[in-house]
Amino acid sequence: MKAVRLVLLQIKYQERAFRRNPAAAFFTIAFPLIFLVILNVIFGGNDLDLGDRVISGATFYIPAIAALTIVNSCYTSIAMSWVFDRDGGVLKRVRGSPLPPWAFLFGRIAHAMILMLALLVLVVLFGWLFYDVDVPGQTMPAVLVTLAVGAFAFCAMGFAIAAMVPNADAAPAVVNASILPLLFISDVFIPPDAGTPAWVEHVSSVFPVRHLSEALQTGFNPFETGAGFEPVHLAVIAAWGVAGLLVTLRFSSWEPRV
């Protein structure tokens, strides 16, 4: 019971710190909606030919922005905040306090996942209200499983890349350089029928962003007749998550590097 209370208190602290930085909170919430509107203005009016079916651009961009939200909340934000707190001495002080390290970690991860879910609900409602995108029905369990696996994997990879960042000044460059190119080649910003070279698709298929995007595409596909699960995509995402966890356990540090 005490362990649960500690985690809840840590989540409360993270939520309060987030709320007390209104500028960061506003742009964190507005970021996926801004991309959703911009991409729909550019591509949303065009139907996408996916071979066996044709869907609207707006239907494609809701799961694409959902994938972006997972990456931003569970990878970029966690990686940067961990490096900043590490080099600022915050993690060292937390490690020396009575608070168990696992409670601190769990609270931070739980807050990131809660924020991710809130943003996803906002994105889906926005798409339903303004772009007439269907909300998943029978495929909702598959969407939730994909979100859970994706959140685990990208949180683990966020901590892993943070362990590779030498200092806080390098964090924005390293973290963004490790993820932005993948977003452009993994069916997130650019529709799959935009004439992407085959070799680019082969490269992107190695990394988890493309598999996350495609798994969510299936879950949000209004023509999907099955349960919507994508075992291969989920397996690849989970494998990257396990690899990220192993790197984190081996190389992560609570001590400043400056």
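The values are calculated or read from the model by the stated rules, or taken from the named source; none is laboratory data. Please read these numbers as outputs of a predicted model, since none were measured by experiment. Ideal geometry is used to build each Cβ from the backbone, glycine not excepted, and the neighbour counts take in all protein chains shown. Calculation scope for accessible area: heavy atoms of the full protein, side chains included, ligands and nucleic acids excluded. Shrake-Rupley method; radii C 1.70, N 1.55, O 1.52, S 1.80 Å.
Taking the criterion of being closer than 29 Å to THR225 by Cα, within 13 Å of the chain's Cα centre (by Cα) and either among the small types (Gly, Ala, Ser) or at pLDDT below 90 (or both), the residues of the stretch 104-161 that qualify are ALA118, ALA148, GLY150, ALA151, ALA153.
Residues in the stretch 140-150 that are over 10 Å from LEU212 (Cα atoms) and either touching a Ser or Thr at 6+ places or on another chain (Cβ under 9 Å) or in contact (Cβ under 8 Å) with a residue 12 or more places away in the chain (or both): MET140, PRO141, ALA142, VAL143, VAL145.
Against the numbered list (1) in a helix (DSSP H, G or I); (2) within 30 Å of GLY219 (Cα to Cα); (3) free of Cβ contacts under 8 Å to residues at least 12 places away in the same chain, GLY137 comes up short only at (1). In contact with a strand residue (DSSP E or B) (Cβ under 7 Å, 6 or more places away or on another chain), crowded, with 16+ Cβ neighbours inside 10 Å, farther than 21 Å from ARG16 by Cβ and in contact (Cβ under 8 Å) with a residue 12 or more places away in the chain, is that true of PHE126? Judged against the criteria, PHE126 is not a match. Among residues that are open to solvent by less than 30 Å² (accessible area, probe 1.4 Å), assigned to a helix (DSSP H, G or I) and touching a Leu at 6+ places or on another chain (Cβ under 7 Å), ALA103 is included. Scanning the stretch 207-235 for residues that are within 15 Å of the chain's Cα centre (by Cα) and open to solvent by 40 Å² or more (accessible area, probe 1.4 Å) yields PHE207, GLU214.
Pairs are defined by a Cβ separation below 7 Å, a sequence spacing of at least 6 or placement on different chains, a first member in the stretch 202-214 that is closer than 11 Å to ALA64 by Cα and in contact (Cβ under 8 Å) with a residue 12 or more places away in the chain, and a second member that is open to solvent by 10 Å² or more (accessible area, probe 1.4 Å) and not in a helix (DSSP H, G or I); the pairs so defined are ARG210/ASP187; SER213/ASP187; GLU214/ASP187; GLU214/GLU230.
For the stretch 193-206, the candidate set comprises residues that are closer than 19 Å to LEU180 by Cβ and at pLDDT below 85; within that set, the residue that is surrounded by the fewest Cβ atoms within 10 Å (Cβ to Cβ) is PRO197.
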